[in-house]
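What follows is a short report on a single structure.
The values are calculated or read from the model by the stated rules, or taken from the named source; none is laboratory data. Remember, predicted model here, so these are calculated numbers, not experimental data. Because the Cβ atoms are built from the backbone with ideal geometry, glycine has one as well, and the counts that use them run over all protein chains shown.
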Amino acid sequence: AIHLNLNVRGLGPSATLAINERCAQLAHEGRDVFRLGLGQSPFPVPQPVVDELKAQAHQKAYLPVKGLRELREAVAQYHRRQEGVEYSGADVLIGPGSKELMFLVQLVYYGDLVIPTPSWVSYAPQAAIIGRHVRWVPTRAEDGWRITPEALDRLCRPDPTRPRILILNYPNNPAGTTYGPDELEALAEVARRYRVILISDEIYGELHFHGRHASIARFYPEGTIISAGLSKWAGAGGWRLGTFTFPPSLRWLLDAMAAVASETYTSTSAPIQYAAIRAYQGGLEIERYLHNSRRILRALAQRLHGMLTAAGIDCAAPEGGFYLFPDFCPLRERLARRGITASGELCDRLLEETGVAILPGTDFGRPAAELTARLAFVDFDGARALVAAEAVPPHQ
Ligand code: PLP
């Protein structure tokens with residue numbers, strides 16, 4: 001007999017991991033595979049950070065559950081410098097990936113989870129595991145899949161005092177778009193009106209193509225938790241280090257999450273935490289690494305966006321990160337003649353017939369009939385690309 005918690009019945013491995021396994025299988029069969037499904041950084045971890053990890057390999061102690069004090073201070077200082085908000089080390093929680101911290105916050109918080117559609121693949125399944133109610137906020141392609149202040153107001157107004165957490169992710173996975181300061185300020189005003197807690201998922205913040213990322217914490221510091229970490233900008237997804245930065249008014253959430261962490265994973269890997277301090281210290285070499293990463297991603301995104309739109313496929317102009325979210329609707333009739341009427345079929349047929357792996361919009365909460373899909377443009381040799389970019393003067 002199978003005795004499973006009701007909440008996890010029917011839960012499979014996450015969509016991005018599943019596509020990865022299918023790609024590995026096809027490659028094993030000798031097929032050419034283009035891995036545009038899984039979104040992980042193509043770049044190596046910056047050398048000073050790797051060197052520091054080697055130097056810290058002897059670190060073996062369990063560390064404090066909230067994270068190493070020096071690292072918490074380095075993260076607070078980083079966000080203080082970026083946003084001009086007065087964070088201190090006590091406001092920071094270190095965890096084994098921001099994904100785990102997302103899960104913990106949902107576990108300890110009492111209220112609704114509000115997420116835009118499309119949204120990153122794991123928010124909704126995490127809510128389902130916990131048995132939490134999810135409210136999807138619709139967005140539109142013509143708004144670059146951004147949530148508007150009006151849409152947020154419409155959702156909150158009927159029940160204005162209901163406790164809610166909204167996850168806002170920018171630069172966005174899967175849309176590739178981001179929010180400018182004016183849009184953030186307008187959203188902050190609505191969030192403040194209804195006392196919505198914002199989790200501002202800024203894991204791609206450093207990969208804004210023009211290095212102009214700004215956090216909504218500037219406009220709504222008392223209600224915003226900044227989620228970030230090393231996975232995307234430092235190419236260190238497998239190191240598993242994420243950070244949540246809280247305002248003092250939400251310290252109760254930090255403390256509750258740390259209490260659960262202390263009974264589950266205990267603390268984040270010690271050598272990784274010591275090495276992460278080096279990453280947050282920055283410096284010239286890391287600045288160049290970031291500058292070149294952005295240039296490479298921007299050039300690729302613009303090229304691909306141009307090719308898609310030239311082929312008659314709708315696609316919001318990308319502004320950061322490493323994703324595009326094309327809408328194949330203009331090709332609807334041609335696709336239907338080949339028996340393709342849903343985004344899942346489109347992606348399956350594309351993989352089987354051409355070896356190109358992309359993910360259907362349904363994995364991100366979009367309707368099947370819409371023919372949207374996410375394309376991650378990371379299947380290239382990032383180390384070589386960085387060397388090549390080094391040879392091009394920085395102002396280009
Ligand atoms: N948020 C978004 C939007 C992501 O795309 C990812 C990674 O894929 C994460 C969070 C989780 O990152 P990590 O757990 O590696 O910090």
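Within the range 117-156, work out how many residues are within 18 Å of the chain's Cα centre (by Cα) and either in contact (Cβ under 8 Å) with a residue 60 or more places away in the chain or within 19 Å of residue 12 (Cβ to Cβ) (or both).
14
State whether the residues of the range 58-66 include one that is assigned by TED's automatic domain parsing to the domain that holds residue 204 and aromatic (Phe, Trp, Tyr).
Yes - at least one qualifying residue is present in the range 58-66.
Is it true that residue 245 is more than 18 Å from the chain's Cα centre (by Cα), surrounded by 20 or more Cβ atoms within 10 Å (Cβ to Cβ), in contact (Cβ under 8 Å) with a residue 60 or more places away in the chain and in the same structural domain as residue 200 (by TED's automatic domain parsing)? Show your work before the answer.
Details: more than 18 Å from the chain's Cα centre (by Cα): no; surrounded by 20 or more Cβ atoms within 10 Å (Cβ to Cβ): yes; in contact (Cβ under 8 Å) with a residue 60 or more places away in the chain: yes; in the same structural domain as residue 200 (by TED's automatic domain parsing): yes.
Here the answer is no, as residue 245 does not meet what is asked.
It is to be established whether one or more residues within the range 154-168 are in contact with a Pro (Cβ under 8 Å, 6 or more places away or on another chain) and either over 30 Å from residue 290 (Cα atoms) or not in a strand (DSSP E or B) (or both).
No; the residues of the range 154-168 include none that is in contact with a Pro (Cβ under 8 Å, 6 or more places away or on another chain) and either over 30 Å from residue 290 (Cα atoms) or not in a strand (DSSP E or B) (or both).
Would you mind telling me which numbered condition in (1) away from the ligand (no atom under 16 Å from the Cβ); (2) assigned to a strand (DSSP E or B) residue 113 fails?
(1)
Check 108, 85, 92 and return the single one that is within 19 Å of residue 272 (Cβ to Cβ) and away from the ligand (no atom under 14 Å from the Cβ). Talk me through it step by step, then tell me what you get.
Values: 108 fails: within 19 Å of residue 272 (Cβ to Cβ); 85 fails: within 19 Å of residue 272 (Cβ to Cβ).
It is 92.
Counting just the residues of the range 225-237 that are outside any loop (DSSP other than H, G, I, E, B) and within 14 Å of the chain's Cα centre (by Cα), which one comes out farthest from the ligand (Cβ to nearest atom)?
Of the range 225-237, the ones outside any loop (DSSP other than H, G, I, E, B) are 225-229, 237.
Subset that is within 14 Å of the chain's Cα centre (by Cα): 226-229, 237.
Details: 226: 12, 227: 7, 228: 8, 229: 4, 237: 5 Å.
The qualifying residue farthest from the ligand (Cβ to nearest atom) is 226.
Restricting attention to the range 150-170, which residues are away from the ligand (no atom under 16 Å from the Cβ) and touching a Gly at 6+ places or on another chain (Cβ under 9 Å)? Even if it seems obvious, please write down each step before you answer.
If we filter the range 150-170 for residues that are away from the ligand (no atom under 16 Å from the Cβ), which is where we start, we get 150-164.
Once the filter is applied, which keeps residues that are away from the ligand (no atom under 16 Å from the Cβ) and touching a Gly at 6+ places or on another chain (Cβ under 9 Å), the range 150-170 yields 162, 163, 164.
Take residue 74 and decide whether it is surrounded by fewer than 15 Cβ atoms within 10 Å (Cβ to Cβ) and either within 16 Å of the ligand (Cβ to nearest atom) or assigned by TED's automatic domain parsing to the domain that holds residue 245 (or both).
On the way: surrounded by fewer than 15 Cβ atoms within 10 Å (Cβ to Cβ): no; either within 16 Å of the ligand (Cβ to nearest atom) or assigned by TED's automatic domain parsing to the domain that holds residue 245 (or both): yes.
The answer is no for residue 74.
For the range 171-205, give me each residue that is within 16 Å of the ligand (Cβ to nearest atom) and either among the charged types (D, E, K, R) or surrounded by fewer than 21 Cβ atoms within 10 Å (Cβ to Cβ) (or both).
Keep residues of the range 171-205 that are within 16 Å of the ligand (Cβ to nearest atom), which gives 171-179, 198-205.
Those that are within 16 Å of the ligand (Cβ to nearest atom) and either among the charged types (D, E, K, R) or surrounded by fewer than 21 Cβ atoms within 10 Å (Cβ to Cβ) (or both): 201, 202.
Among residues belonging to the range 4-43 that are without any contact (Cβ under 8 Å) to a residue 40 or more places away in the chain and within 16 Å of the ligand (Cβ to nearest atom), point out the one that is surrounded by the fewest Cβ atoms within 10 Å (Cβ to Cβ).
Out of the qualifying residues, it is 13.
Kindly list, by first and then second residue, each pair from a residue in the range 294-307 that is over 16 Å from residue 204 (Cβ atoms) to a residue that is surrounded by fewer than 18 Cβ atoms within 10 Å (Cβ to Cβ) and of a type in the set (A, V, I, L, M, F, W, C), limited to pairs with Cβ atoms under 9 Å and residues at least 6 apart or on different chains.
302/317; 305/317
Condition test on residue 121, is it within 16 Å of the ligand (Cβ to nearest atom) and either of a type in the set (D, E, K, R) or over 26 Å from residue 82 (Cβ atoms) (or both)?
yes
Search the range 206-224 for residues being in a helix (DSSP H, G or I) and in contact with a Gly (Cβ under 8 Å, 6 or more places away or on another chain), and hand back the single one that is surrounded by the fewest Cβ atoms within 10 Å (Cβ to Cβ). Full working, then the answer.
From the range 206-224, those in a helix (DSSP H, G or I) are 206-207, 216-218, 221-223; that's our starting set.
Next, only the ones that are in contact with a Gly (Cβ under 8 Å, 6 or more places away or on another chain) stay: 207, 218.
Values: 207: 23, 218: 16.
Only one residue fits best here, namely 218.
Return yes or no: is residue 80 under 30 Å from residue 18 (Cβ atoms) and of a type outside the set (A, V, I, L, M)? Step through it out loud before you land on a result.
Values: under 30 Å from residue 18 (Cβ atoms): no; of a type outside the set (A, V, I, L, M): yes.
When the stated conditions are applied, residue 80 does not pass them.
Let's see how each residue does on (1) touching a strand residue (DSSP E or B) at 6+ places or on another chain (Cβ under 6 Å); (2) at pLDDT 95 or above; (3) in the same structural domain as residue 179 (by TED's automatic domain parsing):
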| position | (1), (2), (3) |
| --- | --- |
| 128 | no, no, yes |
| 131 | no, no, yes |
| 134 | yes, no, yes |
| 139 | yes, yes, yes |
| 148 | no, yes, yes |
| 154 | no, yes, yes |
| 159 | no, yes, yes |
| 164 | yes, yes, yes |
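Out of (1) touching a residue at least 40 places away in the same chain (Cβ under 8 Å); (2) outside any helix (DSSP H, G or I), what's the single condition that is false for residue 189?
(2)
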